[in-house]
1. Going through segment 1-38 one residue at a time, which ones are of a type in the set (A, V, I, L, M), at pLDDT 70 or above and open to solvent by less than 40 Å² (accessible area, probe 1.4 Å)?
2. Considering (1) within 30 Å of residue 499 (Cβ to Cβ); (2) open to solvent by 50 Å² or more (accessible area, probe 1.4 Å); (3) modelled with pLDDT under 95, say which one residue 399 fails and leave the rest.
3. May I ask you to say which residue of 376, 359 is closer than 30 Å to residue 523 by Cα, of a type in the set (Phe, Trp, Tyr) and either in contact with a Lys or Arg (Cβ under 8 Å, 6 or more places away or on another chain) or at pLDDT below 95 (or both)?
4. Go through segment 353-363 and count every residue that is free of Cβ contacts under 8 Å to residues at least 24 places away in the same chain and open to solvent by less than 50 Å² (accessible area, probe 1.4 Å).
5. Filter segment 211-220 down to the residues that are open to solvent by 70 Å² or more (accessible area, probe 1.4 Å) and closer than 17 Å to residue 182 by Cα and list them by number.
6. Output the number of the condition that residue 195 fails; it satisfies all remaining conditions of (1) modelled with pLDDT under 80; (2) open to solvent by less than 60 Å² (accessible area, probe 1.4 Å); (3) closer than 24 Å to residue 52 by Cα; (4) in a helix (DSSP H, G or I).
7. Give segment 198-223 a look and list any residue that's at pLDDT 80 or above and either assigned to a loop (DSSP other than H, G, I, E, B) or aliphatic (A, V, I, L, M) (or both), or say none.
Amino acid sequence: MLTCEICGEEILLEEDMKTHLLLSHEENDMHCPLCSLSGVSYDELRFHISSAHPEEPILDQSRSTSVCSAGTNSTHSELSLSESCSSRDSCLTAAAAPTAASGVHTDSGAAEREGSSPGETASITASSLQRSKTRLESSSYSKAKQKRLSSPRKDQQLSCPLCALLCSNSFILQEHVELHLMEQISAEGSTLETGSPAETSSSAGGSSGQRRWQCPLCSALCTDSFSLQEHVELHLEHGAAGSSAASHDSDLEVARRLQQEEEQRRRQEEARQEKEEFKKLQRQFGVDGSGGYSRQMERTMERAVARGLMGPAEFHSKKAEMMESLSSGVDDGRTRTQGVIRALYEYYQTDCRDCVHVWLSADTDHFCSSAGDKGWGCGYRNFQMILSSLHRIDAYAPILPERTVPSIPRVQRMIEEAWREGLDAQGASHFNQRLQGTRAWIGATELYSLLTSLRIKAHIVDFHRPTGPGDTHPRLFEWVKQYFSQTCSSNRLPPRLIHTSLPPLYLQHQGHSRSIVGLEQKKNGSLCLLLMDPSSSVVETRKLLSRDSVCSAVRHVRKFSSSLKHRQYQVVALQGVLSAEEKQVSILKSRTLCAERIP
């Protein structure tokens with residue numbers, strides 16, 4: 001059973017006692033026992049007593065009587081409440097309690113007991129009232145400052161050096177410390193008024209009796225309160241500067257981390273883009289594992305069946321023929337057109353009188369792309385054209401194993417065999433040593449390796465930049481003219497039409513390749529190449545064989561300098577037969593294969 005020390009009511013539980021104190025006493029009649037302040041809550045009264053009435057030693061009975069005269073009846077209640085307060089509040093209440101219990105008043109008897117006259121007693125009482133008024137005004141100022149400190153935020157970082165309070169910035173901390181200083185000044189002022197021995201404390205040297213003020217943050221002594229305040233503010237500014245420096249370091253760390261994260265994201269994005277570009281290049285050059293010649297041919301026929309352009313029976317029949325042709329390794333001849341050079345020779349004999357000279361290569365058959373190699377088989381088709389010409393040239397025919405033209409899968413296998421002999425190891429690594437079953441493009445270096453493995457001497461000439469106005473290549477045309485003119489005697493004028501025994505030239509540029517089978521020289525001195533293009537269909541090529549359509553068909557064969565404006569061109573020329581020893585030397589040289597650069 002618990003008994004309320006204020007009203008004497010008995011209560012069973014501690015929680016009920018707290019509720020009783022809150023409702024019956026704390027919120028109803030809270031007033032200061034040392035001044036006239038009333039109508040406040042319990043927490044506000046505690047703050048008021050600690051700030052406006054700091055702990056003071058009671059030295060004379062008359063001063064205690066004057067302080068207690070402001071409210072004797074309320075002192076007994078405050079005595080009970082102060083037992084649950086902090087030690088500082090308890091001391092203050094205990095000092096005032098004996099006076100209230102004894103019921104002493106400011107009369108002449110009290111003055112006689114203290115040994116003072118009534119005038120002196122009245123003077124002391126008036127002085128005490130004036131000090132109480134001053135403390136009340138100071139309390140109002142302190143209370144206004146304390147409102148900003150009553151509810152500290154969660155993100156406060158600066159702590160008070162005199163108590164456990166946390167402040168969000170240095171300005172609030174400075175005001176809070178000033179409250180401590182005012183309390184200290186008020187306490188020391190009261191001590192001086194009552195004649196405390198600290199009134200004339202000596203300095204650190206002991207030679208002067210001047211009053212010294214000690215810094216609450218260090219051991220420094222100041223001559224007055226203003227100097228002490230400036231000194232404390234320097235401490236606070238230094239702490240704020242340290243906090244600002246720490247905040248600056250933290251900002252730098254955050255910025256560095258964000259920069260690292262951004263750099264990592266940028267690298268990941270670049271890696272993703274490079275991967276996508278690499279996949280696009282693989283698809284473009286046919287090394288993405290999507291199948292080779294036979295698979296593309298089969299898909300084309302399947303689409304034709306789906307569109308109703310081919311019946312199922314025809315599909316299976318053509319597929320069987322394709323598999324038989326591929327197993328034999330010989331081209332089926334469906335895209336082959338023979339007699340093209342002979343048709344051009346007859347055309348130039350009767351027509352095209354504006355040409356001063358015309359050179360034609362040895363007889364060459366035209367091979368165009370089929371459904372199985374459309375979009376990537378130009379290099380293989382140009383090799384078939386060159387090989388069909390070599391079969392008709394006596395210097396090359398004996399070294400060729402057979403007079404048939406291999407199919408594209410067979411040509412791929414022949415290039416792989418050349419790589420295994422040691423030719424162009426660097427180029428082979430780009431294809432992972434594998435061409436069969438892919439749609440990989442081939443260029444001048446692969447054709448060089450294939451011809452060298454057949455013991456045919458090949459030479460690569462690189463026209464790596466334009467040599468004429470408008471990104472043209474007049475040096476290329478001059479070089480081709482020199483190639484076809486090598487069979488003519490230098491001591492007499494060449495005839496107008498020359499049918500040479502030279503194989504055609506392989507012409508490569510970015511994305512495509514063609515075969516040069518002749519050259520025209522006009523009366524004005526301009527040169528024109530005669531090209532057979534694998535992208536030309538069988539129908540277009542066979543127009544050259546008809547006298548009625550040859551004039552219009554030749555226009556697709558002629559290519560002037562203004563029509564060849566790619567940045568770079570490569571030409572592969574055949575220059576004879578290699579012996580076994582020369583072949584081995586060519587294999588060794590192919591490890592660092594370099595083309596002749598013109599210019």
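The values are calculated or read from the model by the stated rules, or taken from the named source; none is laboratory data. Since this is a predicted model, take the numbers as computed values, not measurements. Note that we place each Cβ from the backbone using ideal geometry, even for glycine, and neighbour counts take in every protein chain shown. The area values use the complete protein model at the heavy-atom level, side chains included, leaving out ligands, DNA and RNA. Shrake-Rupley method; radii C 1.70, N 1.55, O 1.52, S 1.80 Å.
1. Correct list: 11, 17, 34.
2. Only one criterion in (1) within 30 Å of residue 499 (Cβ to Cβ); (2) open to solvent by 50 Å² or more (accessible area, probe 1.4 Å); (3) modelled with pLDDT under 95 is unmet by residue 399, namely (2).
3. That would be 359, the only listed residue that is closer than 30 Å to residue 523 by Cα, of a type in the set (Phe, Trp, Tyr) and either in contact with a Lys or Arg (Cβ under 8 Å, 6 or more places away or on another chain) or at pLDDT below 95 (or both).
4. First, the residues of segment 353-363 that are free of Cβ contacts under 8 Å to residues at least 24 places away in the same chain: 353.
With the extra rule that they be open to solvent by less than 50 Å² (accessible area, probe 1.4 Å), the set shrinks to none.
Residues in segment 353-363 being free of Cβ contacts under 8 Å to residues at least 24 places away in the same chain and open to solvent by less than 50 Å² (accessible area, probe 1.4 Å): 0 in total.
5. Here is the first cut: in segment 211-220, the residues open to solvent by 70 Å² or more (accessible area, probe 1.4 Å) are 214, 219.
214 - this is the single residue of segment 211-220 that is open to solvent by 70 Å² or more (accessible area, probe 1.4 Å) and closer than 17 Å to residue 182 by Cα.
6. The failed condition is (4).
7. 215, 216, 218, 220, 221, 223
Results for (1) closer than 22 Å to residue 327 by Cα; (2) open to solvent by 50 Å² or more (accessible area, probe 1.4 Å); (3) within 44 Å of the chain's Cα centre (by Cα), shown as yes or no for each residue.
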position: 406; (1), (2), (3): yes, no, no
position: 417; (1), (2), (3): yes, yes, no
position: 429; (1), (2), (3): no, yes, yes
position: 435; (1), (2), (3): yes, no, yes
position: 447; (1), (2), (3): no, no, yes
position: 453; (1), (2), (3): no, no, no
position: 456; (1), (2), (3): no, no, no
position: 460; (1), (2), (3): no, no, no
